[in-house]
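Nothing in this text is a laboratory measurement; each read-out follows from the coordinates by a stated rule. Here the structure is a predicted model, which means the values were calculated and not measured. Cβ atoms come from the backbone with ideal geometry, glycine included; neighbour counts cover every protein chain shown.
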Amino acid sequence: MTEPLFDQLQALPTGLLETDTRQLRNLLPKPTLVHLPGKLAEPLFISVLLHGNEPTGFLALQRLLSKYQNRELPRSLSLFFGNIDAAAENVRRLAQQPDYNRIWPGTELPASPETRMAAEVFEAMRARHVFASIDVHNNTGLNPHYACVNRLDNDFLQLAALFGRLVVYFKRPTGVQSAAFAAICPSVTLECGRPGQQHGVDHAFEFLDSCLHLSQFPAQPVPARDIDLFHTVAQVKVADAVSFSFTRSDCDLLLNADLERMNFTEIAPGTVLGKALHAALPPLLAEDEQGNDVTDRFFELNQGNLRITRPTMPSMLTLDERVISQDCLCYLMERFPLPEHQESQPA
């Protein structure tokens with residue numbers, strides 16, 4: 001008989017509220033889905049540690065569970081603790097692993113034990129008639145707190161606006177947790193700033209606690225004045241064959257050392273991101289929502305300078321070269337008007 005890819009528990013293991021992410025593997029030896037009963041039966045699904053070096057969701061969850069340790073939860077909770085092994089090493093993912101936020105239904109990755117696990121978690125939550133889904137993350141660059149949605153229905157926007165004004169709508173990359181769960185419930189990804197910042201934990205905790213007390217989502221549309229909505233129009237990666245650095249001049253692409261300060265700033269055409277030291281190699285690859293190559297739409301090389309060619313707003317720029325190699329350099333966004341008619345999620 002094949003060993004299960006993840007564990008399912010009906011209660012919190014002893015010690016979970018006191019441990020840290022590096023020691024979590026002592027209590028949860030593999031990815032784990034925990035179901036806790038509450039006053040309202042349809043559960044709130046919360047996933048944390050899909051990236052092992054992003055502890056804010058776990059810390060906020062510990063605080064939330066401590067608050068309700070000796071009293072009934074307002075709503076049932078289903079909690080998914082993701083990449084336990086990467087958390088033990090404080091890295092996004094281990095070298096042999098896929099990204100745990102790219103393995104969910106709808107992924108373009110080849111089938112693997114991890115994609116099967118994600119599909120089974122998804123089906124387990126579909127069977128429980130999940131109320132809403134929240135995936136909590138940190139990021140490595142200098143970014144404000146913001147929420148991400150994959151649909152523009154009213155319930156999704158209500159959920160995102162409860163976190164804050166900044167909301168990003170995106171369709172790529174595929175295989176992300178929030179996009180998969182968008183098929184069965186309102187879902188959101190929270191970006192809570194860098195790890196190690198207490199206000200990120202505070203913000204995530206307050207949001208999770210508020211969601212626990214929701215009986216339904218407001219029917220009226222989110223007022224346009226209450227939300228700044230942006231649309232991700234391209235994902236930007238450093239080309240596979242290109243070496244890059246923020247400090248070394250012996251590489252193909254020398255990126256500007258203050259790049260992350262451009263996050264969530266509308267930058268003008270002509271802005272220089274770095275210098276290509278081998279002009280024969282296209283240094284970046286930008287893909288739109290359909291996976292089409294749109295590099296020439298956004299970038300040009302001019303006397304070796306890598307320039308933006310149109311007004312845009314980047315997000316997720318980071319100085320962490322490992323994260324850039326494992327994921328991407330950044331996303332490019334444009335302002336997006338609120339839909340005039342926002343439909344609620346069907347029951």
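Here's how it looks for ASP228: its modeled amide H is under 5 Å from those of LEU166, VAL167, which are all 5 or more places away or on a different chain. Taking every DSSP helix (H) stretch of at least 4 residues in the chain, weighting each as -39,500 (n - 2.57) and dividing the sum by the residue count yields a mean residue ellipticity at 222 nm of -6000 deg cm²/dmol. Dividing the alpha-carbon radius of gyration of segment 233-335 by the rule-of-thumb value 2.2 N^0.38 Å gives 0.96. For ARG307 and LYS30, the difference between the fully extended length at 0.36 nm per residue and the C-alpha to C-alpha distance is 95.3 nm.
With a/c under 1.5 counting as rounded, go ahead and sort segment 59-187 into rounded, prolate or oblate using the C-alpha gyration tensor (a ≥ b ≥ c being the square roots of the eigenvalues; past the cut-off, prolate if a/b is larger than b/c, else oblate). The shape class here is rounded.
Label reach from SER325 (point 7 Å along Cα→C-beta): in segment 251-294, amide nitrogens under 15 Å belong to 251-253.
In the chain, the longest principal axis of the Cα atoms and the axis of helix 154-163 are about 80 degrees apart. One equal scatterer on each Cα of segment 83-151, no solvent, Debye formula: the resulting log10 I(q)/I(0) at q = 0.21, 0.25, 0.26 Å⁻¹ is -1.16, -1.29, -1.29. For segment 252-261, 3J(HN,Hα) computed residue by residue from phi via the Karplus equation (6.51, -1.76, 1.60; θ = phi - 60°) reads 6, 9, 9, 8, 5, 6, 9, 4, 5, 5 Hz, glycine and proline entered as x. Once the chain from GLN8 to ARG71 is taken as fully extended at 0.36 nm per residue, the excess over their C-alpha distance is 20.4 nm. Remark on GLN97: its backbone amide H falls under 5 Å from none of the residues 5 or more positions apart or on other chains, H modelled at 1.01 Å from N. Between LEU59, LEU255, LEU229, the GNM of the chain built on Cα springs shorter than 10 angstrom shows LEU255 fluctuating the most. At a Cα cut-off below 29 Å, give the lysines reachable from LYS237, other chains included and same-chain residues fewer than 8 away excluded. Here the lysines satisfying the reach criterion relative to LYS237 are LYS171, LYS275.
Taking the C-alpha atoms only, the angle from helix 198-212 to the longest principal axis of the chain is near 50 degrees.
Per-residue Karplus couplings for segment 187-195, computed as 6.51 cos²θ - 1.76 cosθ + 1.60 with θ equal to phi - 60°, are listed in order as 9, 8, 9, 9, 10, 10, x, 6, x Hz, Gly and Pro entered as x.
Under a 5 Å amide H cut-off, with hydrogens placed 1.01 Å from N, ASP252 pairs with SER243, PHE244 among residues at least 5 apart or on other chains.
If each residue of separation counts as 0.36 nm, what is the full-extension length gain between HIS129 and ARG225 once their alpha-carbon separation is subtracted?
Values: separation 96, 0.36 × 96 = 34.56 nm, distance 3.24 nm.
Here the segment from HIS129 to ARG225 would lengthen by 31.3 nm.
For segment 7-226, the percent of C-alpha pairs falling in each 5 Å distance bin, counted from 0 to the bin holding the largest distance, reads 1, 7, 16, 21, 22, 18, 10, 3, 1, 0.
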